[in-house]
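Below is one structure, written out as structure tokens; the observations come after it.
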Amino acid sequence: ENLIAAFKNNKDIHKATAALIYGLAEEDVTDQMRDTAKRVNFGIVYGLTFFGLSRDLGISPAEAQAFIDAYFLRYPKVEVYLNTQIAKAQKEGFVTTILGRRRYIPEINNKNQGIRQVAQRQAINAPIQGSASDMIKMAMVQIHKILKDKNMNTEMIIQVHDELVFNVPKLELDLSVSLIRERMENVMKLEVPVRVDIKKGANWLQMEEVR
């Protein structure tokens, strides 16, 4: 609920996390606190351990474990999610994306602890990364169809993770921005809003944000 509320209120998710964990007002969160919370926000979905966090942040294992404990205290449903995904993989041999695409994880019950832990991290991460992949692929298919149906000269050039790059004639810029933003933000309805940042420029180095 805390994470969902932060996204719905368009908050800086890493600063909001830091404020919760450190027990501060968001305006009192330092850049270092935000960076620590950011590492944990992203690390948790990759099966971050106290050992990995202590190494990344240069803190003691005890401090790292205390930080992770504080994180789960503020975000208890995240821990439930992690454990649920591992249990599902152990029982069924696979996990699924939001749309039901499966990722099989045959090593989830391996007797070797190291191999098993890697599989557990895959069980946690695959539904998240896989769902993100599903979303952008659906957006690409739908945007391509819209551009074709409208006989536009705007071209989708390449996908880079969660970004799409387009070659857009100046006369089509406003319409392209509107169409692309609408499809990317609404291709899949989630409990949280999906927001898309769009930039334009002559090349990838010289870009300015489009409102």
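For P193, the conditions (1) in a loop (DSSP other than H, G, I, E, B); (2) over 26 Å from the mean Cα position of the chain (by Cα) all hold with the exception of (2). Restricting attention to the range 22-50, the residues that are closer than 21 Å to V118 by Cβ, out of contact with any Pro (no Cβ under 6 Å at 6 or more places or on another chain), without any contact (Cβ under 8 Å) to a residue 24 or more places away in the chain and in a helix (DSSP H, G or I) add up to 3.
Do you know which of the residues in the range 145-184 that are more than 16 Å from K200 (Cα to Cα) and touching a strand residue (DSSP E or B) at 6+ places or on another chain (Cβ under 8 Å) is surrounded by the most Cβ atoms within 10 Å (Cβ to Cβ)? Applying the filter and picking the extreme gives M184.
Out of all the residues in the range 71-120, which are of a type in the set (D, E) and closer than 20 Å to V192 by Cα? If the condition is that a residue be of a type in the set (D, E) and closer than 20 Å to V192 by Cα, then E79 is the only one that fits.
Got a sec? Which of Y81, Y71 is buried (at least 17 other Cβ atoms within 10 Å of the Cβ), assigned to a helix (DSSP H, G or I) and among the hydroxyl-bearing types (S, T, Y)? Criteria check complete, one pass: Y71. Selection of the range 179-190 for residues being touching a residue at least 12 places away in the same chain (Cβ under 8 Å) and either part of a helix (DSSP H, G or I) or of a type outside the set (A, V, I, L, M, F, W, C) (or both) yields L179, I180, R181, R183, M184.
Of all residues in the range 1-24, those satisfying the criterion of being of a type in the set (G, A, S) and closer than 11 Å to V192 by Cβ are A5, A6. The sole residue among E107, E26 that is open to solvent by 70 Å² or more (accessible area, probe 1.4 Å) and among the charged types (D, E, K, R) is E107.
The values are calculated or read from the model by the stated rules, or taken from the named source; none is laboratory data. A quick note: this is a predicted structure, and the numbers were derived from the prediction, not measured. Glycine also receives a Cβ, built like all others from the backbone with ideal geometry; neighbour counts cover every protein chain displayed. Ligands, DNA and RNA are stripped out before the accessible areas are found, and what is left, the full protein with its side chains, is counted by its heavy atoms. Shrake-Rupley method; radii C 1.70, N 1.55, O 1.52, S 1.80 Å.
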